[in-house]
Amino acid sequence: MKPAPLQIVGLSILTTACLSASSASALEAPKPAELRSKIGAFFQPLPDKMPGAEKDSAAQIALGKDLYFDKRLSANNSQSCNSCHAVDKNLGGVDNEPTSPGAFGKRGGRNSPTVLNAGFHMAQFWDGRAADLAAQAKGPILNPIEMAMPSEEEVIKKLSAVAEYPKAFAKAFPGDAKPITYDNIAKAIAAFERTLVTHDRFDDFLKGSDAALSADELNGLNTFVSTGCIACHNGALLGANSYQKMGAVNPYPNTEDVGRTAVTKSDDDKFKFKVPSLRNVALTAPYFHDGKSPTLEDAVRQMAWLQLGRKLEDSDAKSIATFLSALSDKDRAKKAGAE
């Protein structure tokens with residue numbers, strides 16, 4: 001899925017219009033149809049399926065799900081993919097830790113991003129070093145801090161000794177003479193991850209439901225737009241379609257992580273990271289690549305200052321966070337609220 005490019009002229013006009021609407025009445029919510037018309041060029045509903053999902057068989061998805069939750073993919077049988085990217089228990093595809101503990105207790109240097117809707121992203125990892133879900137799945141298994149398996153060969157040997165896997169791999173990859181391969185492990189995990197498409201009330205609003213968002217959420221959306229957040233957080237994912245410097249206007253305190261420049265070796269990419277998708281963002285605290293922002297309101301306030309040079313009033317940060325909560329998967333948000 002390739003998001004439509006952001007038109008800066010259109011952004012300026014839209015921001016001016018929404019600022020005017022905000023100043024006209026801070027308490028009266030924008031009319032849903034009018035607001036929908038203004039933002040239509042900048043946001044799109046999430047598609048029902050991720051790219052490549054049409055090629056995934058039921059056997060591949062079932063195998064991928066088993067692998068995703070299997071702690072035997074780690075050196076000491078303590079970590080699965082789900083350990084850092086939890087999709088069970090109504091969680092948001094993360095572990096809600098600033099950084100994640102690995103198989104032997106050491107922590108990685110970056111916050112674990114959500115796996116929900118990840119197959120729609122332009123690339124994987126904060127620095128975009130993996131092109132797709134399968135490439136991403138290969139990394140943590142062999143990472144010495146994360147799952148710490150010593151080699152691809154050891155992974156294959158370990159899974160081949162599990163009674164159910166030879167048959168499951170043969171069913172998932174029937175044309176392969178030796179179906180248990182490292183590539184096929186990653187392909188199966190990716191097939192399962194492509195099923196993790198979420199559905200939220202903002203999509204309902206974009207598709208025409210005037211009642212999908214509350215008055216407070218409509219005000220929050222209006223504030224989100226008028227503040228300028230849509231310069232980076234646009235498209236179907238509200239992000240995940242560009243790389244931006246962390247601290248574009250005001251510097252970010254953490255200068256140890258150089259971001260994408262470690263991948264590209266270009267100084268132009270110093271401190272640049274993939275812009276996070278805001279889908280399900282209310283479920284994925286703490287925030288930023290280093291997990292240093294504890295709450296959604298804090299993250300909103302910091303982003304406005306770091307990226308836009310704007311000091312938000314507490315009421316505006318709260319308003320934007322209220323809107324962002326409408327981006328949570330309806331089923332996950334409902335079940336989590338009932339617990």
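The values are calculated or read from the model by the stated rules, or taken from the named source; none is laboratory data. Just so you know, these numbers come straight off a predicted model, no measurement behind them. We place every Cβ from the backbone using ideal geometry, glycine too, and count neighbours over all the protein chains shown.
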Practice task
For Ile185, indicate whether it is surrounded by 18 or more Cβ atoms within 10 Å (Cβ to Cβ), assigned by TED's automatic domain parsing to the domain that holds Trp126, in a helix (DSSP H, G or I) and touching a Gly at 6+ places or on another chain (Cβ under 8 Å).
Solution key: no
Practice task
Mind listing whichever residues of the range 128-142 are under 13 Å from the mean Cα position of the chain (by Cα) and not aliphatic (A, V, I, L, M)?
Solution key: Gly128
Problem - Count of the range 158-205 residues which are in contact with a Pro (Cβ under 6 Å, 6 or more places away or on another chain) and over 19 Å from Ala118 (Cα atoms) - result: 3
Exercise for the section: Pull up the range 229-262, narrow it to residues that are surrounded by 16 or more Cβ atoms within 10 Å (Cβ to Cβ), out of contact with any strand residue (DSSP E or B) (no Cβ under 8 Å at 6 or more places or on another chain) and hydrophobic (A, V, I, L, M, F, W, C), then point me to the one that is nearest to Asp316 (Cα to Cα). Expected result: Cys229
Handout entry: the range 101-131: number of residues that are touching a residue at least 60 places away in the same chain (Cβ under 8 Å) and not hydroxyl-bearing (Ser, Thr, Tyr)
Key = 18
Practice task
Please indicate, with yes or no, whether at least one residue in the range 236-247 is in a helix (DSSP H, G or I), in the same structural domain as Leu213 (by TED's automatic domain parsing), out of contact with any helix residue (DSSP H, G or I) (no Cβ under 8 Å at 6 or more places or on another chain) and not aliphatic (A, V, I, L, M).
Solution key: no
Practice task
Only residues that are closer than 19 Å to Pro253 by Cα and aromatic (Phe, Trp, Tyr): list them for the range 288-327, please.
Solution key: Phe288, Trp305
Practice task
Could you tell me whether any residue of the range 212-226 is more than 24 Å from Leu312 (Cα to Cα), modelled with pLDDT of 95 or more, outside any helix (DSSP H, G or I) and small (Gly, Ala, Ser)?
Solution key: yes
Problem - Flag for Ala338 being at pLDDT below 95, crowded, with 20+ Cβ neighbours inside 10 Å and closer than 16 Å to Gly92 by Cα - result: no
Problem - Flag if Ala190 is of a type in the set (Gly, Ala, Ser) and under 24 Å from Ala86 (Cβ atoms) - result: yes
Handout entry: Residue tally, condition within 13 Å of Leu116 (Cβ to Cβ) and touching a residue at least 24 places away in the same chain (Cβ under 8 Å), over the range 88-100
Key = 5
Problem - Out of Ala188, Ala168, sole residue that is more than 29 Å from Asn111 (Cα to Cα) and of a type outside the set (Ser, Thr, Tyr) - result: Ala168
Completion exercise
Selection over the range 248-268 where residues are among the acidic types (Asp, Glu) and either assigned to a loop (DSSP other than H, G, I, E, B) or more than 21 Å from Asp290 (Cα to Cα) (or both) yields a count of 2
Problem - Residue match in the range 169-180 (condition: buried (at least 16 other Cβ atoms within 10 Å of the Cβ), under 29 Å from Lys274 (Cβ atoms) and without any contact (Cβ under 8 Å) to a residue 60 or more places away in the chain) - result: no
Problem - Residue tally, condition among the polar types (S, T, N, Q), in contact (Cβ under 8 Å) with a residue 60 or more places away in the chain and closer than 23 Å to Thr227 by Cα, over the range 30-87 - result: 1
